[in-house]
Amino acid sequence: MSTTSQTIQEWKQVYELEVFSYCLMTNHVHLVVQANDNPTAIPQLMRRLARRQTRFVNSLEKRSGSLREGRYKISPIDTDAYLLACCRYVELNPVKAGMVDKPELYEWSSYCARVGVSHCQWLDEPDTFRALAGSHQMKIEAYRKFVEQEDASSSDELICTAINSNKLTGGNKLVDEIENRIGIRVETRKRGRPASKK
């Protein structure tokens, strides 16, 4: 897994990406990144991650073949409303998978660095984290409480659905903004004319 971490650190600079959250699981990776205007930056990063991790694991286990099945999934985020929720979703993956009881017990995610348990020199700090409180220690405490809150199931469900369908993580305002910017409908809509009411 350290190979994957090194790849992220190395290529985030090449592709001018900011990495706000990550979680390296045994057979997949979760990332929350801010991309630049280069539309190929994220696809290229994901290809490099897949290749390097495959070589590392195949060498370690004396095997061949691919580790991950299918293409990666991506969901643009309404940063103001959902960025921290997406970071929480990513960092709680090991807890939800039953690998650890608390996110700080999993060393292969950004949570430990975010709350000061460890250090990650290349992890970026989103504006929404900076806005949580005045001092850095107060931000850490606010983020801890945010991650530990128990009423996050609705936002987690929205995020999971958005990721699995490669749709936007956000509300109607973000959908309208993106559609106006690119001139294409990006929201899932039912086909055909709406049913008439009788």
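Readers should treat all values here as calculations from the given coordinates under stated rules, not as data from a laboratory. What you see is a predicted model, and the numbers here were worked out from it, not measured in a lab. All Cβ positions, even for glycine, are placed from backbone atoms using ideal geometry, and neighbour counts span all protein chains on display.
Here the label points at residue 141 and residue 37, each 7 Å from Cα along the C-beta direction, are separated by 4.3 nm in the simple model.
Using the alpha carbons alone, the radius of gyration of the range 103-143 stands to its Kirkwood radius in an Rg to Rh ratio of 0.95. Over all pairs of different C-alpha atoms in the range 1-41, the reciprocal of the mean inverse distance, the Kirkwood hydrodynamic radius, equals 10.7 Å. Peptides 107-117, 142-152, ordered by how many other C-beta atoms sit within 10 Å of their residues on average, highest first, read 107-117, 142-152. Straightening the chain between residue 105 and residue 160 buys 17.5 nm, computed as 0.36 nm per residue apart minus the Cα-Cα spacing.
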